[in-house]
Amino acid sequence: MTKISPPSELTNDLAPSGSAGHRQQERQAIMVIAAVQFVNIVDFMMVMPLGPDFAKALGIRISHMGVLAGSYTMAAALSGFLGSFFLDRIGRRKALVMAVVGLAIGTAAGAFAMDFRSLLWARVLAGIFGGPATAIGFAIIGDIVPQERRGAALGKIMMGFSAASIFGVPAGLEVARIGGWNAPFIMVGSMAAVVAWWAHVKLPPLKTNLNRMKFGVSGGAFKSLLTQRTVLISYACLFCVMMGGFLIFPNIAGFVQINQHFPREEMGRLYFIGGICSLIIMGTCGKLVDKFGSLPWFSLGSCGFLGTLYYGMYQSPPALNAYSLFIGFMIFGTLRNISMQTLTSKVPRPSERAGFMSLQSAVQHTAMSAGAISSARLLSSSPTGELIGIESVVICSGILVLLALGLVIVLDRAVCKSAH
């Protein structure tokens, strides 16, 4: 017979749900996880707009930027998969701090790269810790924030993506312009170390998942995740969303700078404006998803994403300029990501949450790696440096957008059915 522990045993490190103390813990957790997300996203995103700088300094072909992005995500996928076996057996705070410290070390190592290979291995090291950091952060939110407020909480955390575009990436581009291509790695590594310290100070021990496993509140284990239909559907949906996006994202900077002749000195402004637009959307998207559900907003985001692909990259000459292209991807990508993350957060049982999120991180980063590396295989460089084959990349991305939409429809129905 399954033993059920008293509520006090299950929540010994959290204030009672609904109390003023619990709300305070929610706010602190959201701020800390948003900071983790910010540093993690800046660490990952800065490689893409700095691609032309790396290419010049280290002799890397611009069409190989997808390999650098893919190495990070493949490492994150592997560590996410391995983490799904044991992260639910470690206190959430301890696991998060360890992951962010490792991210700080791996990021700083990139500053000492001497060629493509050494930079590649530095990105692998950063990815090993960056993937689990995100998964643990989302698991903490799932533990602390009730379902009825989770969409708004995830919307705030995912503002880290917009903040990275508004502040982090432009700052990294400016730091690289002044101090050299390797200076941003030192900057972001130092930021990650500060965030790790902040997480240790501000978060409670967060060991409720250990209590659930000890007292058998939910007997779910790693193997049970792979036998649950909704889990598999959610992973398939995530794979399509992320692979479709990362066929495109690593190549935007090269496309607008080289194919569209966008000035290098305005790249910071491009990311700043795109991030502002995304931030505006995030301010309301989470609340709208909580009120109306994920499906309508994911559908709107998918349609907008397809339109941006067609008019911004497939048409020749493109109907959208660099600013419209980037803003479109930021806004519609945000709609898709918040609505999908809110929907998938309702899939796992509480005692499986970190394992689910870690395995989800593995799927996510595998898809990102597959997209980035596939784009590198599909693309080539002309004698003048322009990207050739972008139309093929756009077609593959569009197909995956449509597949993801179909899977979200199925997943939404399954989640609603299980809730009743």
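Do we find that Ala376 is crowded, with 24+ Cβ neighbours inside 10 Å, hydrophobic (A, V, I, L, M, F, W, C), under 20 Å from Met48 (Cα atoms) and touching a residue at least 40 places away in the same chain (Cβ under 8 Å) in this structure? For Ala376, the condition - crowded, with 24+ Cβ neighbours inside 10 Å, hydrophobic (A, V, I, L, M, F, W, C), under 20 Å from Met48 (Cα atoms) and touching a residue at least 40 places away in the same chain (Cβ under 8 Å) - is not met.
For the criterion of being modelled with pLDDT of 75 or more, crowded, with 16+ Cβ neighbours inside 10 Å and in a helix (DSSP H, G or I), Ile252 passes.
Regarding Gly385, is this residue on the phi > 0 side of the Ramachandran plot, surrounded by fewer than 16 Cβ atoms within 10 Å (Cβ to Cβ) and at pLDDT 85 or above? The answer is no for Gly385.
Within the range 401-420, the residues that satisfy the criterion of being surrounded by fewer than 20 Cβ atoms within 10 Å (Cβ to Cβ) and small (Gly, Ala, Ser) are Gly406, Ala414, Ser418, Ala419. Taken together, the residues in the range 283-298 that are small (Gly, Ala, Ser) and either surrounded by fewer than 17 Cβ atoms within 10 Å (Cβ to Cβ) or not in a helix (DSSP H, G or I) (or both) amount to 2. Looking for something modelled with pLDDT under 85, closer than 25 Å to Gly275 by Cβ and among the polar types (S, T, N, Q) - is there at least one such residue anywhere in the range 362-380? Yes - at least one qualifying residue is present in the range 362-380.
Quick check, is Val101 at pLDDT 80 or above, within 25 Å of Ala176 (Cβ to Cβ) and either surrounded by fewer than 20 Cβ atoms within 10 Å (Cβ to Cβ) or not acidic (Asp, Glu) (or both)? Spelling it out, Val101 is indeed at pLDDT 80 or above, within 25 Å of Ala176 (Cβ to Cβ) and either surrounded by fewer than 20 Cβ atoms within 10 Å (Cβ to Cβ) or not acidic (Asp, Glu) (or both).
Just to be sure, is Ser345 over 23 Å from Ile409 (Cβ atoms), of a type in the set (Ser, Thr, Tyr) and either more than 17 Å from the chain's Cα centre (by Cα) or modelled with pLDDT under 85 (or both)? Criteria not met by Ser345. Of all the numbered requirements in (1) in contact with a helix residue (DSSP H, G or I) (Cβ under 6 Å, 6 or more places away or on another chain); (2) at pLDDT below 85; (3) not in a helix (DSSP H, G or I), Gly268 misses one, and that requirement is (3).
A single member of Gly307, Gly301, Gly293 is among the small types (Gly, Ala, Ser) and more than 26 Å from Ser369 (Cα to Cα), and it is Gly293. Under the condition of being among the polar types (S, T, N, Q) and under 15 Å from Gly142 (Cα atoms), the residues counted in the range 24-36 number 2. Within the range 259-282, being over 24 Å from Phe38 (Cβ atoms) and either buried (at least 18 other Cβ atoms within 10 Å of the Cβ) or of a type in the set (D, E, K, R) (or both) holds for Asn259, Phe262, Arg264, Glu265.
State which residue is modelled with the lowest pLDDT when the search covers only the range 76-97 and only residues that are small (Gly, Ala, Ser) and assigned to a loop (DSSP other than H, G, I, E, B). Only one residue fits best here, namely Ser84. Any residue at all in the range 408-415 that's assigned to a loop (DSSP other than H, G, I, E, B) and on the phi < 0 side of the Ramachandran plot? The answer is no, given that none of the residues of the range 408-415 is assigned to a loop (DSSP other than H, G, I, E, B) and on the phi < 0 side of the Ramachandran plot. Scanning the range 299-319 for residues that are in a loop (DSSP other than H, G, I, E, B) and either at pLDDT 90 or above or on the phi > 0 side of the Ramachandran plot (or both) yields no hits at all. Kindly indicate whether any position in the range 364-380 is more than 21 Å from Ala69 (Cβ to Cβ) and either of a type in the set (D, E, K, R) or not in a strand (DSSP E or B) (or both). Within the range 364-380 (the criterion being more than 21 Å from Ala69 (Cβ to Cβ) and either of a type in the set (D, E, K, R) or not in a strand (DSSP E or B) (or both)), the answer is no, since none of the residues qualifies. Please determine whether any residue of the range 344-358 is of a type in the set (A, V, I, L, M), in a helix (DSSP H, G or I), in contact with a helix residue (DSSP H, G or I) (Cβ under 9 Å, 6 or more places away or on another chain) and crowded, with 24+ Cβ neighbours inside 10 Å. Yes, the range 344-358 contains a residue that is of a type in the set (A, V, I, L, M), in a helix (DSSP H, G or I), in contact with a helix residue (DSSP H, G or I) (Cβ under 9 Å, 6 or more places away or on another chain) and crowded, with 24+ Cβ neighbours inside 10 Å.
The values are calculated or read from the model by the stated rules, or taken from the named source; none is laboratory data. Bear in mind that the values here come from a model prediction, so they are computed numbers and not experimental data. Every residue, glycine among them, receives a Cβ derived from its backbone with ideal geometry; neighbour counts consider all protein chains shown.
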